1. Among the residues that make up region 10-18, is at least one of them over 30 Å from residue 172 (Cβ atoms) and either within 23 Å of the chain's Cα centre (by Cα) or not assigned by TED's automatic domain parsing to the domain that holds residue 127 (or both)?
2. Looking only at region 48-60, which residues are in a strand (DSSP E or B) and either at pLDDT below 95 or within 18 Å of residue 15 (Cβ to Cβ) (or both)?
3. For region 89-129, enumerate the residues that are in contact (Cβ under 8 Å) with a residue 60 or more places away in the chain, under 17 Å from residue 62 (Cα atoms) and either touching a helix residue (DSSP H, G or I) at 6+ places or on another chain (Cβ under 9 Å) or part of a strand (DSSP E or B) (or both).
4. Just for region 32-47: of the residues that are in contact (Cβ under 8 Å) with a residue 24 or more places away in the chain and farther than 12 Å from residue 125 by Cα, which one is nearest to the chain's Cα centre (by Cα)?
5. Are any residues in region 85-105 in contact with a strand residue (DSSP E or B) (Cβ under 8 Å, 6 or more places away or on another chain) and surrounded by fewer than 13 Cβ atoms within 10 Å (Cβ to Cβ), and if so, which ones?
6. So which residues in region 70-87 are more than 10 Å from ligand 1 (Cβ to nearest atom) and either more than 20 Å from residue 156 (Cα to Cα) or not in a strand (DSSP E or B) (or both), if there are any at all?
7. Among the numbered conditions (1) within 16 Å of ligand 1 (Cβ to nearest atom); (2) outside any helix (DSSP H, G or I); (3) more than 19 Å from the chain's Cα centre (by Cα); (4) modelled with pLDDT under 90, tell me where residue 161 comes up short.
8. Return a yes/no flag: does region 95-106 have any residue that is modelled with pLDDT under 95 and either outside the structural domain of residue 62 (by TED's automatic domain parsing) or under 27 Å from residue 31 (Cα atoms) (or both).
Ligand SMILES: [Zn+2]
Ligand SMILES: [Zn+2]
């Protein structure tokens with residue numbers, strides 16, 4: 001039976017070094033995404049992790065299901081994405097030269113076990129989730145964005161501002177042209 005763990009800590013993972021090749025442990029992951037310190041991640045997460053003994057290192061592989069919310073780049077309404085994010089990371093013993101930036105053996109891609117020989121997945125998961133966030137999210141492919149005059153969300157309906165009832169697909173272009181026109185006026189051209 002996989003053990004439950006809410007703290008993203010896999011206790012005494014280092015015992016795998018003493019076990020035979022091919023030994024692995026499986027851990028259920030469960031907790032709240034606030035543990036990860038990623039602003040866009042929210043709500044509870046759950047997943048599973050396998051830890052395998054590699055050559056002088058432990059390999060942690062798994063996936064977590066969590067909800068990520070980012071603002072639409074046109075209308076700034078939240079775009080919520082519920083997905084599985086897979087991760088894998090390598091862990092070496094506490095104090096290893098591979099995690100010491102001063103040493104030749106230093107490898108920025110490996111993590112250290114803690115002093116008790118446990119794996120803390122927090123930093124690995126945090127980096128993986130951040131890397132998986134798509135920065136140019138759209139709430140829908142034809143999002144009409146915000147009215148440049150009154151700021152209304154044009155997906156909800158026409159705000160009635162003069163001259164802005166263009167085809168929504170062209171709205172960002174029109175907005176750009178108007179911004180540039182406004183800028184020329186400011187520049188006194
Ligand atoms: Zn949108
Ligand atoms: Zn408007």
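1. Looking through region 10-18, at least one residue is over 30 Å from residue 172 (Cβ atoms) and either within 23 Å of the chain's Cα centre (by Cα) or not assigned by TED's automatic domain parsing to the domain that holds residue 127 (or both).
2. Hits for region 48-60 are 49, 50, 51, 52, 53, 58, 59, 60.
3. Once the filter is applied, which keeps residues that are in contact (Cβ under 8 Å) with a residue 60 or more places away in the chain, under 17 Å from residue 62 (Cα atoms) and either touching a helix residue (DSSP H, G or I) at 6+ places or on another chain (Cβ under 9 Å) or part of a strand (DSSP E or B) (or both), region 89-129 yields 91, 118, 119, 120, 122, 125, 126, 129.
4. Residue satisfying both the conditions and the ranking: 40.
5. Within region 85-105, 86, 95 meet the criteria.
6. Selection gives 81, 82, 83, 84, 85, 86, 87.
7. All conditions pass for residue 161, except number (1).
8. Within region 95-106, none of the residues are modelled with pLDDT under 95 and either outside the structural domain of residue 62 (by TED's automatic domain parsing) or under 27 Å from residue 31 (Cα atoms) (or both).
The values are calculated or read from the model by the stated rules, or taken from the named source; none is laboratory data. All figures in this text were calculated on a predicted structure; none of them were measured in a lab. Quick reminder, even Gly has a Cβ in these numbers, built from the backbone with ideal geometry, and neighbours come from all protein chains shown.
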